[in-house]
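Read the structure below first, then the notes.
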Amino acid sequence: MRRRYLLLAALAGFAAGLTRPNGFWLAVPLLWLATRGAEGRGGRGGRDVPAILAALAPLAGVAIFSAYLSVRFGDALAWMHGQAAWGMPLLGRGPAPDPVRTAEDLRLKASEVIVYAGDITAFFLAATSILPVARRVGAAYGLWIAINIFPPVAAHLFISLGRFTSVLFPLFFWLALVVPRRRVAWLAGVFAVCQAILAVCFFLWRPVV
């Protein structure tokens, strides 16, 4: 977008929205880049129509996917309704339709506490990186982090936040900038060990969400 490769940006955004419904969030940082970049090209502000249209491509991808769901299943928002199992009684929505809990389900498990604590830690690490990322890399990247972590927390608190933060590439840009070079290998090793532990727990049917 910054280099005016608008067709490539539009195709990538369209693919993001088509293949992953919440990819429409990508339109937010793209619009920021489109409007900010326009100001730098003669002060046209938000009137750079080609760039704005390219930034809206993720919405087109979601619209086409929703149209397919409507034709195939009669529910254009099935991708949203399918997330009901993750719901919590927040922001006016009802609780998830969970089955009746057994005594074993209600028992507090150390593994669940560890995983949930990790999710909370991941969230706050990402949240505290927003401003530094915006300053060092660009506001669009800070926006991308914010819109990927706050809506899930509003929907189901910190459950499974690790899967949202693990793909926040601006967060890793920032870590690469602030972590001393001599500690990079050590930090990468820690991440690898944690990933291996979570993989083992997952394949042993331990709760890792």
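Of the helices (runs of 4 or more DSSP H) contained entirely in segment 100-209, those carrying at least 2 residues that are among the charged types (D, E, K, R) fall at 103-106, 110-136, 181-203. Among the candidates L187, L161, which residue alone is touching a Pro at 6+ places or on another chain (Cβ under 8 Å) and farther than 15 Å from S111 by Cα? Criteria check complete, one pass: L161.
Taking first residues from segment 19-36 that are over 16 Å from F164 (Cα atoms) and at pLDDT 85 or above and partners that are aliphatic (A, V, I, L, M) and open to solvent by less than 20 Å² (accessible area, probe 1.4 Å), the Cβ contacts under 6 Å between residues at least 6 apart in sequence or on separate chains come to A27/A55; P29/A140; L30/A55; L31/A55; W32/A140; L33/A140; A34/A51; A34/A55. Here V179 meets each of (1) closer than 17 Å to F123 by Cα; (2) open to solvent by less than 90 Å² (accessible area, probe 1.4 Å) with one exception, condition (1).
The values are calculated or read from the model by the stated rules, or taken from the named source; none is laboratory data. As the structure is a prediction and not an experimental result, all values here were calculated from the model. Backbone-built Cβ (ideal geometry, glycine too); neighbour counts: all protein chains shown. All accessible areas refer to the heavy atoms of the entire protein, side chains included, with ligands and DNA or RNA removed. Shrake-Rupley method; radii C 1.70, N 1.55, O 1.52, S 1.80 Å.
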